[in-house]
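Participant: Take this structure, written in structure tokens, and hold onto it; I'll ask about it next.
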Amino acid sequence: MEQKSKTPATKGKGYLKGVRSEFKKVIWPTKKETINYTSVVILISVLVGAIVYGLDLTFTQLLNLIILK
């Protein structure tokens, strides 16, 4: 028996069916979890920014002491 090759439209439909099937398997976070995760990301971003800012000030002062000496 002859096997027909799939057309691009048929491949696309199969792909979209697979995507829909995978989306049904996803466990989406609740609103509370999303807020908690977002808060953690913002907090860590602010902390890392403060650390980088502090290091920048420190190295700037050290370089100014070395260069101006």
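Readers should treat all values here as calculations from the given coordinates under stated rules, not as data from a laboratory. Just so it is clear, the model here is predicted, and its values are computed rather than measured. Positions of Cβ are generated from backbone atoms using ideal geometry, with glycine treated the same way; all protein chains shown enter the neighbour counts.
Participant: Which Cα, out of Gly54, Thr34, Asn64, lies furthest along the positive dipole direction of the chain (beta carbon charges, K/R +1, D/E -1)?
Facilitator: Ranked along the dipole, the leading option is Thr34.
Participant: Taking every pair of Cα atoms in the chain, average 1/r, invert it to obtain the Kirkwood radius, and report Rg/Rh to two decimals.
Facilitator: That ratio is 1.51, to two decimals.
Participant: What's the exposure ranking of Lys13, Lys32, going from fewest to most Cβ atoms within 10 Å?
Facilitator: Taking fewest neighbouring Cβ atoms as first place, the list is Lys32, Lys13.
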